[in-house]
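The values are calculated or read from the model by the stated rules, or taken from the named source; none is laboratory data. Note that the structure is predicted; figures quoted are calculated from it, not measured. Neighbour counts are summed over all protein chains in view; Cβ atoms, including those assigned to glycine, are modelled from backbone coordinates with ideal geometry.
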């Protein structure tokens, strides 16, 4: 089993600057593998995602969902009102 860490040495370590997740086996001291750094690593939440999802991407996704839902509701209401109006002016038989 292994643990997942991050280097806290931002500004002095490429791995810390990129936010790279570092996997260290159990029983091994959590030291940054970057030859120029060697800082003590800090543990992360415990999983390693395949790629980073930035906060702006999440916000954009939520906004897109809101726009789609509001648009759908707007179109539904418009069609409902049009059909209702058409029933009122239907030709006499």
### Query
In the range 53-70, what residues are exposed (fewer than 10 other Cβ atoms within 10 Å of the Cβ) and outside any helix (DSSP H, G or I)?
54
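Regarding the range 71-85, can at least one residue be identified that is part of a loop (DSSP other than H, G, I, E, B) and either in contact with a helix residue (DSSP H, G or I) (Cβ under 8 Å, 6 or more places away or on another chain) or modelled with pLDDT under 90 (or both)?
No - not one qualifying residue is present in the range 71-85.
Filter the range 1-19 down to the residues that are at pLDDT below 90 and not in a strand (DSSP E or B), then identify the one that is surrounded by the most Cβ atoms within 10 Å (Cβ to Cβ).
Just the residues of the range 1-19 that are at pLDDT below 90, to begin with: 1-4, 19.
This time we only want the ones that are not in a strand (DSSP E or B), so: 1, 19.
On the way: 1: 5, 19: 10.
For the range 1-19, the residue satisfying everything is 19.
Suppose we filter the range 20-37 for residues that are in a loop (DSSP other than H, G, I, E, B), touching a strand residue (DSSP E or B) at 6+ places or on another chain (Cβ under 6 Å) and modelled with pLDDT under 90; how many remain? Steps first, answer last, please.
Initially, the range 20-37 is screened for residues in a loop (DSSP other than H, G, I, E, B), giving 20-21, 26-30, 32-37.
Among the residues that remain, those that are also touching a strand residue (DSSP E or B) at 6+ places or on another chain (Cβ under 6 Å) are: 21, 30.
The next check asks that each one be modelled with pLDDT under 90; those that pass are none.
Looking only at that region, the number is 0.
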